[in-house]
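Read through the structure below, which is laid out as structure tokens, and then see the notes.
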Amino acid sequence: MEEKIIVESPGRINLIGEHVDYNGGSVLPAAIDKKIIIEFRTVKGDECYIESTTLKKTFKLDLKKISKSKIQWENYIIGVVYNLLVLKKLKIKAFKCKIDSYLPIGAGISSSSSLICGLISGLNHLNNLKLNHNEIIDIVSAVEHNFIGLMGGIMDQFTIVNGKKNKLILLNCQNRSFKYINSNFNPYKIVLINTNVEHNLADTSYNERVKECKEALEVINKKYNKYRYLVDVEEEILYEFKNTLKEKVFNRALFVIQENKRTLDSAENISKSNYKEFGQLMYKSHYGLKKQYEVSCEELDFLVDFTSSYDEIIGSRMMGGGFGGCTINLIEENLVNDFIKSVSKAYLKKFSIKLNAFQINIDDGVTVNKN
Ligand code: GLA
């Protein structure tokens, strides 16, 4: 019998803890109420039909002949099917799916992992594969690494799968232990401002940063041979290598170690409603991403700097992989509309680019509903 389901797969924000997930660090993300909606139905035979209403594109996929496409967006679907069918040797029926995205692409809110999570969750349900959350997270990573070419960590997929309404997730990416933290920042609202400078992380220096961190860890372990992850290295120990490591590699490692501490301090501050202290850590995080990790850009820096003259804005920083995308800001509710007007005007004047600003709410992770 033909079955039809609707999958709702959210984007994610990250309050703090950037570029630490693949270094074994802690992050503080949450799923949001902006989503990708995927309508799935099973069909007879071996041929699948995929439609993206957002990209206004379609393609067919024969389950008996799966190979990488030259068209990148098709690889999201092909990668999922390949991983389930060929690598995991799971049985999946042919399907038709329609993808409707309400997540801006390349904005640092993880439209890419959201799509992959949604596809896997849908096929999991339609074919009764009984994959649990951790298995889904691992398959998303495999698709990103092997098919999309992004050597990312687990923050995005973990959040998209485990998100909970009104809760932040304090996630230790080393062992996947996590706890939910209330996300009430009253009287401040979380506002995202999209530079509209799009990035495809796989084409940026993201993977280079992953390599630089690995290099730092290898050099340190030549002497100490005991650190599994870069975040485990104490700052004093890292300083022993200041002259041995390349300057930029030292700076990357210093950022990672400090950012991980900031995340843990942030979780504590938020739990105690010390929002202003947390906001200061957001600014420090941005400064590190700009100067030490070098993943910011002029447009992001402009948006963060613009907030500094407002007492009603307690924190601002670039969010996600960087090289474009959004800033995340904590803004007193009364100021939100006026601020958006002023910053939009100034940004347009400076870069001749229109920005998009939106308030988000923290929502549940991916859901699958029968239609
Ligand atoms: C991207 C990756 C994540 C994480 C962030 C930076 O979103 O997919 O794994 O590394 O960048 O924190």
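Observations, loosely collected:
- Restricting region 345-360 to residues that are in contact with a strand residue (DSSP E or B) (Cβ under 7 Å, 6 or more places away or on another chain) and at pLDDT 95 or above, the residue that is surrounded by the fewest Cβ atoms within 10 Å (Cβ to Cβ): Asn356
- Among the criteria (1) out of contact with any helix residue (DSSP H, G or I) (no Cβ under 8 Å at 6 or more places or on another chain); (2) of a type in the set (Val, Ile, Thr); (3) within 16 Å of the ligand (Cβ to nearest atom), the one Val43 does not fulfil is (3).
- Leu126, sole failed condition from (1) near the ligand (Cβ under 10 Å from one of its atoms); (2) surrounded by fewer than 21 Cβ atoms within 10 Å (Cβ to Cβ): (1)
- Members of region 80-107 found to be crowded, with 20+ Cβ neighbours inside 10 Å and part of a strand (DSSP E or B), listed by number: Phe95, Cys97, Ile99, Ser101
- Every pair of residues 6+ apart whose Cβ atoms lie under 6 Å, when the first sits in region 10-31 and is part of a strand (DSSP E or B) and modelled with pLDDT under 95 while the second is among the basic types (Lys, Arg) and within 7 Å of the ligand (Cβ to nearest atom): none
- Residues of region 50-88 that are touching a strand residue (DSSP E or B) at 6+ places or on another chain (Cβ under 8 Å), β-branched (Val, Ile, Thr) and at pLDDT 95 or above: Ile50, Thr53, Thr58, Ile77, Ile78, Val81.
- All conditions in (1) closer than 26 Å to Thr327 by Cβ; (2) more than 12 Å from the ligand (Cβ to nearest atom) hold for Thr159, with the sole exception of (2).
The values are calculated or read from the model by the stated rules, or taken from the named source; none is laboratory data. Since we're looking at a predicted model, the values are computed, not measured. In this analysis, Cβ positions are derived from the backbone assuming ideal geometry, glycine residues included, and neighbour counts consider all displayed protein chains.
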